[in-house]
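First the structure, in the form of structure tokens, and then the observations on it.
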Amino acid sequence: MVSNILFILLLFVGSVLLQVLQKPIFLLWYAELAAEAEASELWGVIAHGISLDATMAGYICAIPILLTLLCLWLPSVWWQRLQRFWCYAAAVIVAVTFSVNLGLYEYWAFPLDGSIFQYLATPKEAMASVTVGMFIVQSLVAVVYCAVLILFYRAVLKIFKIDVVATWGKKLLYSLVLLLIAGVDFLAIRGGVTTAVANVSKVYFSDKIILNHAAVNPTFSLISSISDGEVLDRYDYYPEEQCEKQLATIMECEGEPSAERVLSSERPNIVLILAESFGRSTTDEVVGGVAVAPNLHRLKGEGLWFENMIASSFRTDRGVLATLSGFCAQPTMSIMKDPQKASHLPSIASSLRNVGYSTSYVHGGDLNFTNMSGYLYATGFDKLVAYKDLQFDAPTSKWGYADDVLADYFVEHVDNLGGQGAPYFTVWQTLSSHEPFDVPTSVFEDKMLNSMHFADSCIAKVVERLRQSEQWENTLVIIIADHAYLYPYGVSASAVERHRIPMLWLGGAVREAKQIDNYCSQSDLAATLLGQLGIAHDDFALSRDIFAVNSKQFGYYTFNNGFGVVDTTGSTIYDCTTESVILGECESREQIGKTMLQSTYKIIKQL
């Protein structure tokens, strides 16, 4: 039995190393694309990519671990045969996916994913695009790599024995050892013990997208994209032409750039603070005469306060994407988890970088979560700073460093940006107001409200320190939530109050303080900001300029398989599962929601 445990260990280590071998081959294959990378970055491909290689090795070893355990209690020659079949099948799958990825990347420019099956559904047309030379070369790559894998697995399989363990004590001992190995294997499959599970974005580390793609394990990319699949035509309410006309009417407005100029500078420095879970139902709360977010209420009198801002969704990944890319959230999926599609979205960062802005994103937690780092790198951010890049002498919560620690760092980060000469766009995503709401202060008995109060003080600290800098007169600070929180407790996830969030524009670049009463969506920030800067935003198809003449006033959001629309006349909440209105029968609002939802998925299909 000791030899069988050795077999599993060697199987795992060997599987990892043989998949690591894919990285240098890929880089050599596409040497021209990676020519500008430094040696340290090339090594970074292996260093970062090995985590997904370990995940795939975990999948490969899962069945052998189970068969070894069965062999211990039910000795049979079948277990040995099944071990061989599984290992050889794994070799074929890994080799074929690697070879196909190597060949298709030239045309797709993203790692292999489930979209390949859309082409295989019509094999004649698919093969029509494959040249004979390409087919021969890729077949040779697959055969040679598969042969290497099989030779290794064949050698390791010789170690596996059908041992008959005589005593119950030894059987139990070896069973416990195997269960321990199974636990470690599960961690490898999961991607570690952190909150971020294994995902393609986990290996992204560079602003050179070719290096990120080289680090991706193509077999994992294919499997994960299939498991995360979504039916994209489930919300087809109208004929395509009718839906397009309705969307054009909804998005129609006049004035380029924005008719109302609220900024005094065309190229201000822009600091965007994404406040975790800062819903209006919490930030407006007062308990025992003490305000939960006193600083936010104080500051809103100093800038542009958007009274009727509606969050796009209920999750951070969807809220971040709505804010930065002006793209509406989806009810049952997150496009951020599909890096191939998310990378083709427009973004504020990309638009600003094109006119000379430096771009950066700061977060005290793990930006690998939900493929976020991959999305950020692909959509225009030059520099990402996250938990793994920071080494503070301070305690951390489940999610990372508390907001007070990051507040100090972020101010220094902004100061450094100011000394570079070029305008900058930088984002700070807070995290202390995320469950489990562990913060170093205690003002309220309710942990959630207490964390909101703490985060409010940290955001105010950043604003006040920026106010003291020389950059303030040409700086725009935007405070907006990523989403709201389910408060008051018991409020429906579909309710409008569940999705109201604050948005505040501050800084010397703001002409005058006033309240904006227009009903608007989180996804409208992109077109509104770019409109103020005189930058084209036609590619933000679902984002409206709030200040443009005749801009339609409504807030649109989605929840789990449903949507809501709110405007000056009321609100309509629609359940897509039952295809019925939950609250607020109104034909015009229902049409807006259905048009927005159908258009969102149409765009996703086209990405």
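The values are calculated or read from the model by the stated rules, or taken from the named source; none is laboratory data. Because the structure is a prediction, the values reported are computed rather than measured. Methodologically, a virtual Cβ is constructed for each residue, glycine included, from the backbone with ideal geometry; neighbour enumeration extends over all protein chains shown. These accessible areas exclude ligands, DNA and RNA; they are computed on the full protein's heavy atoms, side chains included. Shrake-Rupley method; radii C 1.70, N 1.55, O 1.52, S 1.80 Å.
Checked against (1) open to solvent by 40 Å² or more (accessible area, probe 1.4 Å); (2) within 30 Å of TYR519 (Cβ to Cβ), ALA481 passes all but a single condition, namely (1).
Counting only residues that are of a type in the set (A, V, I, L, M, F, W, C) and under 25 Å from the mean Cα position of the chain (by Cα), region 566-597 holds 3 of them.
Against the numbered list (1) open to solvent by 20 Å² or more (accessible area, probe 1.4 Å); (2) closer than 24 Å to VAL137 by Cα; (3) among the hydrophobic types (A, V, I, L, M, F, W, C); (4) assigned to a helix (DSSP H, G or I), ILE5 comes up short only at (2).
Counting just the residues of region 477-512 that are of a type in the set (Gly, Ala, Ser) and in contact with a helix residue (DSSP H, G or I) (Cβ under 8 Å, 6 or more places away or on another chain), which one comes out farthest from ASN269 (Cα to Cα)? Ranking the candidates gives SER492 first.
Of the helices (runs of 4 or more DSSP H) lying entirely inside region 231-335, those carrying at least 3 residues that are open to solvent by less than 30 Å² (accessible area, probe 1.4 Å) and touching a residue at least 24 places away in the same chain (Cβ under 8 Å) are 240-251, 280-283, 316-325. For region 513-529, the criterion of being over 26 Å from ARG267 (Cβ atoms), surrounded by fewer than 17 Cβ atoms within 10 Å (Cβ to Cβ) and free of Cβ contacts under 8 Å to residues at least 60 places away in the same chain is met by none of the residues. Counted as qualifying within region 98-205 are no helices (runs of 4 or more DSSP H), as none has 3 or more residues that are among the hydroxyl-bearing types (Ser, Thr, Tyr), at pLDDT below 85 and open to solvent by less than 60 Å² (accessible area, probe 1.4 Å).
Of all residues in region 427-457, those satisfying the criterion of being in contact with a helix residue (DSSP H, G or I) (Cβ under 6 Å, 6 or more places away or on another chain) and open to solvent by less than 10 Å² (accessible area, probe 1.4 Å) are TRP428, THR430, SER432, SER433, MET452, ALA455, ASP456. Before we move on, is TRP79 in contact with a Cys (Cβ under 6 Å, 6 or more places away or on another chain) and at pLDDT below 85? In short, yes.
Pairs linking a residue in region 566-595 that is polar (S, T, N, Q) to a residue that is open to solvent by 40 Å² or more (accessible area, probe 1.4 Å) and in a strand (DSSP E or B), with Cβ atoms under 8 Å and 6 or more positions apart or on different chains, are THR568/TYR519; SER571/LEU583; THR572/LEU583.
Among the residues of region 32-44, how many are open to solvent by 50 Å² or more (accessible area, probe 1.4 Å) and assigned to a loop (DSSP other than H, G, I, E, B)? Here the count works out to 5. Close contacts from region 191-220, counting a first residue that is at positive phi and a second that is in a loop (DSSP other than H, G, I, E, B), with Cβ to Cβ under 7 Å and a gap of 6+ residues or different chains, come to GLY191/VAL197; GLY191/ALA198. Is it the case, given these coordinates, that THR323 is farther than 18 Å from SER277 by Cβ and of a type outside the set (D, E, K, R)? So THR323 fails the test.
Yes or no: LEU431 more than 30 Å from ILE210 (Cβ to Cβ) and either modelled with pLDDT under 90 or assigned to a helix (DSSP H, G or I) (or both)?
No; evaluated as a whole, the condition is false for this residue.
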